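**Student:** This is the structure, below, for whatever I ask next.
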Amino acid sequence: MTPTEIMQDFLNGEVPLKERMLKVRDKRKVIGPIFVDLVTRLGHQPIREMNQAELDALVPALFLLAEWREPFAYRPTIRLLSRPTQIVEQLVGDHAVDSSGFRILASTFDGDLTPLREAACDPRADEFVRGTFMNALVLVSLAHPKRRAEVEGFFRQFRSLCPEAPEEVMISWMDCVAELGLEDLSESVRDAMQKEAIPSHHTDFATFEAKLRETIEGNGVPAGGRYRKFLLSDAISELVNNGV
């Protein structure tokens with residue numbers, strides 16, 4: 001079959017998702033570039049021009065690209081998730097802000113932290129998705145320990161880089177500070193709370209400090225469990241088991 005025919009089969013919504021994914025799983029070299037093109041196109045295309053079959057195929061394609069560790073998908077995925085909130089919701093739904101979102105980004109990481117850092121600071125991006133970009137940076141630091149110092153440097157500079165960051169973004173920053181065990185930023189977090197940049201109704205300093213201490217005492221393993229699944233390794237199992 002030609003790549004075009006393989007893609008047409010993948011777009012056939014009458015065939016069960018698992019079956020369609022199994023058919024292309026071993027065809028990365030053939031279908032990978034077509035998936036990357038799909039992500040790239042939907043990262044720019046107006047909603048009125050989008051094809052429903054392609055929309056339905058986007059999430060499975062992203063999961064497979066992550067399983068394949070396809071670095072050419074990294075930047076197009078960041079661009080797609082940086083679109084306005086209503087478009088991102090239509091494209092990928094909750095995957096933009098749940099753990100699969102940052103795991104896809106970290107799994108396709110191409111070695112350059114700049115696109116993630118810039119996206120996390122982009123005021124045009126959805127506030128919750130900016131948190132996804134930050135979480136992806138944390139996971140990249142776990143998967144690529146040599147990049148940890150660069151990731152930590154970003155979070156140390158974040159308040160000066162993004163002085164007008166909204167509450168939800170500041171909450172994500174605080175969580176990542178705790179998950180990275182950045183004890184030297186404790187006073188910066190306290191200051192943000194006192195200035196209500198992090199709303200008092202969300203948490204208190206003692207709770208933040210307990211999470212920070214848990215990471216430090218765990219030798220850098222983040223508090224909580226959202227990074228436990230690590231990089232995405234079985235696209236079919238995760239999508240089928242989650243009822244997508």
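The values are calculated or read from the model by the stated rules, or taken from the named source; none is laboratory data. As the structure is a computational prediction, the values presented were derived from the model and not from experiment. So basically every Cβ, Gly included, is an ideal-geometry build from the backbone, and we count neighbours across all protein chains shown.
**Student:** What residue, among those in region 78-100 that are assigned to a helix (DSSP H, G or I), in contact with a Phe, Trp or Tyr (Cβ under 9 Å, 6 or more places away or on another chain) and not aliphatic (A, V, I, L, M), is farthest from SER233 (Cα to Cα)?
**Tutor:** Within region 78-100, the first condition is being assigned to a helix (DSSP H, G or I), and the residues that meet it are 78-81, 85-96, 99-100.
Then keep just the ones that are in contact with a Phe, Trp or Tyr (Cβ under 9 Å, 6 or more places away or on another chain); that gives 78, 81, 85, 95-96, 99-100.
Restricting the remaining residues to those that are not aliphatic (A, V, I, L, M) gives 85, 95, 99-100.
Working: THR85: 28, HIS95: 16, SER99: 14, SER100: 11 Å.
Checked region 78-100; the qualifying residue farthest from SER233 (Cα to Cα) is THR85.
**Student:** Can you tell me which residue in region 208-227 is nearest to ALA178 (Cα to Cα), limited to those that are in a loop (DSSP other than H, G, I, E, B) and hydrophobic (A, V, I, L, M, F, W, C)? Steps first, answer last, please.
**Tutor:** First, pick out the residues of region 208-227 that are in a loop (DSSP other than H, G, I, E, B): 218-227.
From what is left, the residues that are hydrophobic (A, V, I, L, M, F, W, C) are 221, 223.
Values: VAL221: 10, ALA223: 7 Å.
The selected residue is ALA223.
**Student:** Counting only residues that are surrounded by fewer than 21 Cβ atoms within 10 Å (Cβ to Cβ) and in a helix (DSSP H, G or I), how many does region 61-74 have?
**Tutor:** Adding up the residues that qualify gives 2.
**Student:** Continuing with the same structure: Is there a residue being among the hydrophobic types (A, V, I, L, M, F, W, C), assigned to a helix (DSSP H, G or I) and over 24 Å from LEU64 (Cβ atoms) anywhere in region 101-115?
**Tutor:** As a first pass, look at region 101-115 and keep what is among the hydrophobic types (A, V, I, L, M, F, W, C): 102, 104-106, 109, 113.
After this cut, where a residue has to be assigned to a helix (DSSP H, G or I) as well, the list is 102, 104-106.
Now narrow it down to the ones that are over 24 Å from LEU64 (Cβ atoms): none.
No: zero hits.
Residue-by-condition table, conditions (1) in a helix (DSSP H, G or I); (2) out of contact with any Cys (no Cβ under 6 Å at 6 or more places or on another chain); (3) surrounded by fewer than 18 Cβ atoms within 10 Å (Cβ to Cβ):
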| site | (1), (2), (3) |
| --- | --- |
| ARG130 | yes, yes, no |
| SER160 | yes, yes, yes |
| VAL177 | yes, yes, no |
| ALA197 | no, yes, no |
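**Student:** Which residue pairs have Cβ atoms closer than 9 Å, lie 6 or more positions apart in sequence or on different chains, and pair a first residue in region 189-218 that is at positive phi with a second residue that is modelled with pLDDT of 95 or more and not hydrophobic (A, V, I, L, M, F, W, C)?
**Tutor:** The qualifying pairs are GLU196/GLU167.
**Student:** Mind checking whether some residue in region 132-148 is surrounded by fewer than 23 Cβ atoms within 10 Å (Cβ to Cβ) and hydroxyl-bearing (Ser, Thr, Tyr)?
**Tutor:** Within region 132-148 (the criterion being surrounded by fewer than 23 Cβ atoms within 10 Å (Cβ to Cβ) and hydroxyl-bearing (Ser, Thr, Tyr)), the answer is no, since none of the residues qualifies.
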